[in-house]
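Enquirer: Below is one structure. I have some questions about it.
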Amino acid sequence: MAPLDRIARSVRLFGPPRDPRLPPGPSLPSVAQGAMFVLQIVPFFERCRARWGSTFSLRLPAHPPIVVFSDETAIREILAWRPEDFDVGTAYAWMEPFVGRGSLLLMDGERHGRERRLLMPPFHHARMQAYGGAIRDITRRAMEGWRIDRPIEIEHAARIITLDIILETVFGASGTDLEELRRAVLDLLSDFSVFNIIEALRIDLGPLTPWGRFLAHRTALGRVVYRLIRERRTAGRRDRDDVLAMLVEARYEDDTPMADEALRDELITLVGAGHETSTSALAWVFQCLAHHPDAQQRAHEEVARAKDADAELPWVDAVIKETMRRHPVFPLLGRMLKRPQTIGDWHLPTGTLVYVSLDLTHRNPAHWDDPDRFDPERFLDARPRPFTYIPFGGGTRRCIGMSYALYEMRLIVAEALRRFRIERVGPAEPAMSRGFTLAPSRGARVRLVRR
Ligand code: HEM
């Protein structure tokens with residue numbers, strides 16, 4: 001690299017200079033802000049809000065200027081932006097090696113709308129019952145083996161369930177296919193570290209380097225996925241009900257099918273986005289139930305009264321929704337401005353990276369009474385104001401797996417409440433970044449007692 005390029009790059013590493021047009025924010029060196037952003041995002045953002053209010057700026061190494069928002073009025077405007085106003089592919093570029101260039105999560109503009117229309121039908125809420133059998137069977141089988149009367153890490157135990165559920169419902173995988181996929185996904189997830197997220201640290205010197213291992217694992221997963229796509233194209237649908245069967249048959253508006261590479265990226269996206277998030281959310285639900293025995297007892301009684309497996313469970317649903325308010329697992333919605341925007345008094349230039357903090361929004365005292373109190377009553381027979389509660393995002397990019405995730409979590413939590421009393425082990429665990437999500441720092445350790 002030429003000396004001038006190297007200097008230019010290191011200046012970028014120390015972040016952009018402060019832009020006086022943007023809201024105020026911490027004056028710490030950008031490297032320090034970057035470290036807190038990665039390691040301690042919840043307390044770091046809390047301190048920023050205490051000092052500067054619900055809107056503040058950050059400077060992170062190798063990032064454009066960042067402005068964080070967390071109030072209803074700003075979020076209403078941000079989620080109404082049109083596709084030509086912003087770019088998500090740049091905001092989430094760090095995910096690309098994991099999900100692939102052809103992932104819905106990274107697409108923008110026309111292409112995003114076209115792909116989204118193709119991917120949504122398998123996740124329509126009317127289709128959820130079709131997945132119920134697989135969700136229940138996998139959950140029951142796994143819970144038979146859960147350790148009783150001694151501390152257990154729910155995050156680990158729940159991942160085994162949610163991964164098998166997504167692999168079975170997306171790929172229709174079973175037997176050796178399931179085992180091979182499970183291994184390949186877990187290998188890839190084990191590579192999630194700063195060495196593979198930060199572009200400047202991605203160095204491939206073979207299997208001894210994190211990036212080298214990552215590339216090998218990514219190729220291995222791609223190989224299994226391509227094989228399953230090929231087999232499915234040859235065998236045809238044969239009354240299969242899984243997402244792959246639907247996507248192989250799906251057609252864009254111009255009647256073309258999805259290419260193999262596009263299918264691979266979307267399938268890996270669905271597996272990643274669809275199980276990592278639910279795993280962390282379930283870990284938080286178990287932690288909240290363990291620390292709020294009254295809420296748990298009421299949930300258990302509701303489950304015990306239920307007449308059939310698909311009965312409505314309003315209190316269990318309220319517990320899950322309140323947990324996702326108090327502990328959102330997706331930390332930030334990111335939007336890179338492609339043209340200037342005005343939000344309130346702030347004129348944001350092109351190239352500003354706008355983040356919406358879900359945690360600060362969900363705990364904004366202007367939106368919620370006593371926001372740090374865990375209180376599922378907030379969601380019983382009541383709906384929050386639309387832009388004060390956004391665990392699944394909103395607008396044109398709202399999560400396509402929302403109904404799926406809520407249904408899956410309801411069935412898993414209900415099965416656990418039927419079998420176990422969930423007891424706390426030690427103090428409540430704070431949030432820590434885990435892959436794409438925020439999860440309890442020690443994996444949500446609880447003790448299960450058989451009912
Ligand atoms: C508790 C579980 C989940 C949470 C909290 C969650 C959260 C989110 C959020 C906040 C977004 C919006 C990102 C943005 O606006 O920038 C999103 C998008 C997305 N989610 Fe989820 N998600 C969950 C489960 C799932 C599941 C089960 C699937 C699929 C099987 C899924 C697939 C996706 C996809 C493909 C997108 C991109 C949508 C787009 O850009 O048009 N998610 N999710």
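Enquirer: Roughly how many Å is it from the Cα centre of the range 394-439 to that of the range 33-90, as a whole number?
Expert: 24
Enquirer: Could you look at the chain and say what percent of its accessible area is carbon and sulfur, using a 1.4 Å probe and all protein chains?
Expert: 55
Enquirer: Quick check for me: using +1 on Lys/Arg Cβ and -1 on Asp/Glu Cβ, what's the dipole size of the range 319-381 about its Cα centre, in debye to the nearest 20?
Expert: My answer is approximately 480 debye.
Enquirer: Classify the range 245-356 from the C-alpha gyration tensor, please: rounded if a/c falls under 1.5, else prolate or oblate depending on whether a/b exceeds b/c.
Expert: oblate
Enquirer: When the dipole is taken about the Cα centre of the range 310-451, and only Lys, Arg (+1) and Asp, Glu (-1) are charged at their Cβ, what size is it in debye, to the nearest 20?
Expert: With Lys and Arg at +1 and Asp and Glu at -1, about 500 debye.
Enquirer: Per DSSP H run of n ≥ 4, the term is -39500 (n - 2.57); total these for the chain, divide by its residue number, and report the mean residue ellipticity at 222 nm rounded to 500 deg cm²/dmol. Could the numbers behind the result be given before it?
Expert: Working: 17 runs with 223 residues, N = 451.
Taking each H run of at least 4 residues, the total per residue is -15500 deg cm²/dmol.
Enquirer: Sort 269-277, 167-175, 124-132 for me by packing, meaning the mean count of neighbouring Cβ atoms within 10 Å per residue, highest on top.
Expert: Sorting 269-277, 167-175, 124-132 by mean packing, highest first, produces 269-277, 167-175, 124-132.
Enquirer: OK, next. Given that compact globular proteins tend to follow 2.2 N^0.38 Å, what is the ratio of the alpha-carbon Rg of the range 49-193 to that value?
Expert: Ratio of Cα Rg to 2.2 N^0.38 Å: 1.39.
Enquirer: Please work out the average accessible area per residue across the chain, using the 1.4 Å probe convention, and give it in Å². Don't skip to the end; give the middle numbers.
Expert: On the way: 20850 Å² over 451 residues.
Spelled out: the 1.4 Å probe surface of the chain, per residue, equals 46 Å².
Enquirer: Additional query: So if I place +1 on the C-beta of Lys and Arg and -1 on the C-beta of Asp and Glu, and nothing else carries charge, what would the dipole magnitude of the chain be about its Cα centre? I want it in debye, nearest 20.
Expert: It works out to roughly 680 debye.
Enquirer: Extending each Cα 7 Å along its Cβ direction at ASP254 and HIS124, get the distance between those two points in nm, one decimal.
Expert: Taking the simple label geometry, ASP254 and HIS124 are separated by 2.5 nm.
Enquirer: By the gyration tensor of its Cα atoms, with a ≥ b ≥ c the square roots of the eigenvalues, what is the shape of the range 114-245: rounded for a/c under 1.5, prolate for a/b over b/c, or oblate? List each step's numbers first, then the result.
Expert: Values: a/c = 1.93, a/b = 1.20, b/c = 1.61.
Oblate shape, in that a/c is at least 1.5 and b/c is the bigger or equal ratio.
Enquirer: Among TRP346, TRP368, ALA299, pick out the residue whose Cα is farthest towards the positive end of the charge dipole of the range 291-403, where Lys and Arg carry +1 and Asp and Glu carry -1 on C-beta, about the Cα centre.
Expert: Checking the options against the dipole of the range 291-403, the answer is TRP346.
Enquirer: Find which of ALA93, ALA173, GLY133 sits farthest along the positive direction of the dipole of the range 82-192, computed with +1 on the beta-carbon of Lys and Arg, -1 on that of Asp and Glu, about the Cα centre.
Expert: Farthest along the dipole direction, towards plus: GLY133.
Enquirer: While we're on this one: Sort TRP346, TRP368 from largest to smallest accessible area, using a 1.4 Å probe on the heavy atoms of the protein chains.
Expert: My answer, sorted largest first, is TRP346, TRP368.
Enquirer: Further question on the same structure: Which one of ALA414, VAL446, ALA309 has its Cα pushed farthest toward the positive end of the charge dipole of the chain, where Lys and Arg give +1 and Asp and Glu give -1 at the Cβ?
Expert: With unit charges placed on the Cβ atoms, the residue in question is VAL446.
Enquirer: Same structure again: State the extension gain, in nm to one decimal, for the chain segment bounded by ARG298 and SER193, taking 0.36 nm per residue of separation less the distance between their alpha-carbons.
Expert: Gain on stretching ARG298 to SER193: 33.8 nm.
The values are calculated or read from the model by the stated rules, or taken from the named source; none is laboratory data. Keep in mind that what you see is a predicted model, and the values were worked out from it rather than measured. Cβ coordinates were reconstructed from backbone atoms using ideal geometry, including for glycine residues, and neighbour counts include every protein chain displayed. We work out accessible area using only protein heavy atoms, side chains counted, and drop any ligands, DNA or RNA first. Shrake-Rupley method; radii C 1.70, N 1.55, O 1.52, S 1.80 Å.
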